[in-house]
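Any read-out appearing in this document is the output of simple, stated calculations on the displayed coordinates, not a laboratory observation. Remember, it's a predicted structure, so these values are computed and weren't measured experimentally. Here the Cβ positions follow ideal geometry from the backbone for every residue, glycine too, while neighbour counts run over all protein chains shown.
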Amino acid sequence: MQHAIRAEGLVKRYGETRALDGIDLVVPQGRLLGVLGPNGAGKTTAVRILATLLRPDEGRATVGGFDVVRQAHQVRSLVGLTGQYAAVDEMLTGVENLVMIGRLLGMSRADSRRRAAELLERFALSDAGGRAAKTYSGGMRRRLDLAASLVGRPQVLFLDEPTTGLDPRSRTELWSVVRGLMADGVSVLLTTQYLEEADQLADDIVVFDHGRVIASGTSDELKATTGAQVLEVRPLAPADLDLVSQVVADVIGEAPDLTGGRATVSVHDPAAVPAVVRRLDDLGVVATELALRKSSLDEVFLALTGHRAEEEPVTGGEAAEKEEVPA
Amino acid sequence: MTAMTTTAAPAGPAPAGHVGPLAALRQTMTLAWRSLVQIKHNPWELLDLSIQPIMFLLLFTYVFGGAISGSTGDYLQFALPGLLVQNALFYTLSTAIGLNTDITKGVFDRLRSLPIARTAPLSGRIIADTVKQVWAFALLVGFGMVLGFRVETSVFGLLGALALLVVVALAMSWMSVLIGLKASSPEKVQMIAFSTMMPLTFTSSALVPSRTFPEWLRAWSDINPVTHLADAIRGLLIGGEVATASMVSLLWAAGFAVVFAPLAIRAFRVRV
């Protein structure tokens, strides 16, 4: 099977720091790979290398079978790139932004206009198409930016934190656009620091931390790697919570977390669950909620890296500032 | 958002490995169009381009003119060529500001991710800025004529002055490109522009005859490239010595290009 993107041993140094420290990744054709990691993990550096904007110091990568260094021009004609902050010309209207890209890609004036109208309609920007992009809201700019990266009908799409800084509604809208692209057979590499986003969209996930891949697999596989499931028990009478806590501690051998009126604990042996139920029944404690669920990706991430994904807002702050630079 | 099924290109012919010269030219023109069409949506830029030189023209003619030359009419004849030079030199830095804005806003990266000639973003911008130079020249001369300025040579003198200014501005734009690539923000570019161009033009013979300067300043003014350029433009528009001043101006321009073009190209290669 041909791979849309394949990278082997990518290294990028900035002085002493290794932004990338030997990254391998593969995106099969038509699949979406989620690159998950905190700020500064090297996600953007990897995207910039794969999109031919940056040369790797070591390693090699191909996109659509073309080498990103030696055959950069061919790679560029296959890919679309949407960056962390919307790279649209704020002085131009939505239509002009898209027509410019179409003309640069060698389309005729008429074809460029037709394509621009098509994309604006698709991204619900038709009404705003004649206005300068600087008058757009954050979500509209982001959609225009995504539209700009689709003018040339790319086979491979790089989405570098496409929803960072967006409100929940715009985020969901963008997710449905990405799903639509997937249905069209586009291969996508999406970076994100939102676990939910990777969970929602990605076929496969690689987890970056400090320039290395520290885990990879499907969302379910990753959740299984910690080996644990989570048991949650909520008693009908809140006063029984202490009793529940004792029972759980006895059976599992670990004191549960008691926030939110629930006893929550990770279990490694599913047979412990019936034991807990029997003991509670014997004591006459009624549970309104009793569930055994997989660990969330958030818990997996914490287990893998020792810190949560959405910490270290250092570069995120910079990106947010760039967003707010006035026209 | 309506569904559409045409996004993924079918497996077509293998993409070409390079950009042909004709395609590169078309891409350059598209990017030049992009810089010029901006004026339509940003009237302030148009005002920058038109109001500022006119304001300078009015200010210098009616406030200082009488004191400097005895009459505003005489001063206008003397100063308009100098104002043309001042405006052209200031305007070369708009190349730096535009380029720097593209870099900090991420538009430059978008353009670099497209299969287009690597030089197109640069050449497109320089062509657009040259068009804006010609527009500012026409505007200043036209407005000057309304106020009473007369071209005392010929239409060839006028065209020669325009040509000389454009050539010098193009040479200067290499320095502008370098600043645009290196500066951390458009605001910083503006500061650099102001703090270099302002003293250069005011210590030249562009706006006042240098014979009243103290000796040390006059010595500097005599070697200041702006003096030579202003003298050349003055000669071309109202008569007088042209050959030496033009030659010195062109030599300065060549020197500028020789020093700054390699530096700018190297900085550009690092970015591209």
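Restricting to Cα atoms and excluding each atom paired with itself, what does the Kirkwood estimate give for chain A in Å? Let's see the in-between values first.
Working: mean 1/r = 0.0454 Å⁻¹.
Value: 22.0 Å, from the Cα pair sum.
Which log10 I(q)/I(0) values, to two decimals, does the stretch A:228-294 give at q = 0.15, 0.23, 0.29 Å⁻¹ under the Debye formula with one point per Cα?
-0.37, -0.92, -1.55
Spin-label point model (7 Å from Cα, Cβ direction): what's the residue B:243 to residue B:196 distance in nm?
About 3.3 nm, to one decimal.
In degrees, nearest 10, range 0 to 90: what is the angle between the Cα axis of helix B:120-147 and the longest Cα principal axis of chain B?
That helix lies at roughly 30 degrees to the long axis.
Order of B:62, B:91 from fewest to most other C-beta atoms within 10 Å? All intermediate terms of the calculation are to be shown ahead of the outcome.
Working: B:62 13, B:91 27.
With the fewest neighbours first, B:62, B:91 line up as B:62, B:91.
Tilt of helix B:72-105 relative to the longest C-alpha principal axis of chain B, in degrees (0 to 90, nearest 10)?
20
How many nm is it between the label spots at residue A:286 and residue A:134, if each spot is 7 Å from the Cα in line with the beta carbon?
The modelled label-to-label distance comes out at 6.5 nm.
Please give the Cα centre distance for the stretch A:232-248 versus the stretch A:141-188, rounded to the nearest Å.
About 45 Å separates the Cα centre of the stretch A:232-248 from the one of the stretch A:141-188.
Given N residues in the stretch B:134-260, what is Rg(Cα) / (2.2 N^0.38 Å)? Kindly include the intermediate steps, with their values, before the conclusion.
On the way: Rg = 15.7 Å, N = 127, 2.2 N^0.38 = 13.9 Å.
Compared with the compact-globule rule of thumb, the stretch B:134-260 sits at 1.13.
Reachable lysines from residue A:43, Cα under 23 Å, same-chain residues fewer than 8 places away excluded?
Hits, sequence-local ones excluded: A:12, A:223, A:322, B:105.
Rank these for me by crowding, B:94, A:219, B:176, going from fewest to most other beta carbons within 10 Å.
Values: B:94 24, A:219 21, B:176 28.
Lowest count first: A:219, B:94, B:176.
Give the Rg/Rh ratio for the protein assembly as shown, taking Rg as the radius of gyration of the Cα atoms and Rh as the Kirkwood radius, to two decimals. Intermediate results must be reported in sequence, preceding the final value.
Working: Rg = 31.7 Å, Rh = 28.0 Å.
Reported Rg/Rh (Cα atoms, Kirkwood Rh): 1.13.
Expressed in nm to one decimal, what extension gain is obtained for the pair residue A:8 and residue A:303 from 0.36 nm per residue of sequence separation less their Cα-Cα distance?
Working: separation 295, 0.36 × 295 = 106.20 nm, distance 2.61 nm.
So the chain would gain 103.6 nm between residue A:8 and residue A:303.
DSSP loop GluC sites (Glu not before Pro) in the stretch A:1-103 with at most 16 other Cβ atoms within 10 Å of their Cβ, which ones?
Details: sites: A:8, A:16, A:58, A:90, A:96; in loops: A:16, A:90.
Sparse-neighbourhood loop GluC sites (Glu not before Pro): A:16.
Where does chain B land at 222 nm, in deg cm²/dmol rounded to the nearest 500, when only DSSP H runs of n ≥ 4 count, each adding -39500 (n - 2.57), divided by all residues? Before the final figure, lay out the partial values.
Details: 11 runs with 208 residues, N = 272.
It lands at -26000 deg cm²/dmol.
Is any helix in chain A, taking whole DSSP H runs, at least 15 angstrom long along its axis by alpha carbon and on average at least 1.0 on the Kyte-Doolittle scale, and which ones? If you can, show how the numbers build up before the last one.
Values: long enough: A:94-104 (16 Å, 0.92); A:109-122 (20 Å, -1.49); A:138-150 (18 Å, -0.13); A:168-183 (23 Å, -0.16); A:241-252 (16 Å, 1.62); A:272-282 (16 Å, 0.22); A:314-324 (16 Å, -1.05).
Span-like helices, by this rule, are A:241-252.
Using Cβ counts within 10 Å as a stand-in for footprinting exposure, how do B:216, B:252 rank, fewest first? Walk me through the intermediate numbers first.
Values: B:216 8, B:252 19.
Fewest-to-most Cβ neighbours within 10 Å comes out as B:216, B:252.
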